[in-house]
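Let me begin by presenting the structure, written as structure tokens, before commenting on it.
Where a number appears in this text, it was derived from the coordinates with a stated rule and is not lab data. These figures come from a predicted structure and were not determined experimentally. Counting neighbours? That spans all protein chains shown, and the Cβs are built from the backbone with ideal geometry, glycine included.
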Amino acid sequence: MSQEKIQVFTEREEEFVDMLVTSGFSRKIAMVLVYIASTREVTSREIERGADLRQPEVSLALKNLMTRGWIKAREDTSAEKGRPFRIYTLAMPVSKILDAIEKEKKQEIKNQLALLGMLKEYIG
């Protein structure tokens, strides 16, 4: 039997996940992002085990993060048998991801304030 080393969240990483959730991210997406950020490269199976998520949850989170351009994947065919698997890494530093989140949140606030202004005009 072979042994695998599975990385689990530290208290600090759990706090990072909680802050992302508070800022509006789903817990699953936040967990996958923080898990990838805490490793050099990782497979979806390692994310499933380390973040205690099911395969469909990990797949949806990975798709969301790839659509945002925050992570990237490459195929690894080093296994002699079986299908190739994907290895995921961050596509940019965490600081750039946080800048993107900040920009997104500022735009959301701007949109909400514009909506409130329209509502005031509507009743006034």
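Tabulated values for the structure
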read-out	value
Lysine pairs meeting the criterion (Cα under 15 Å, 8 or more apart or interchain), as found in the chain	4
Neighbourhood charge, 9 Å Cβ-Cβ cut-off, centred on residue 58 and excluding it, Lys, Arg +1 and Asp, Glu -1	+1
The chain: calculated mean residue ellipticity at 222 nm from DSSP helix runs of at least 4, using -39500 (n - 2.57)	-19500 deg cm²/dmol
Among 42-55, 11-24, the order from most to least packed when residues are scored by Cβ within 10 Å on average	42-55, 11-24
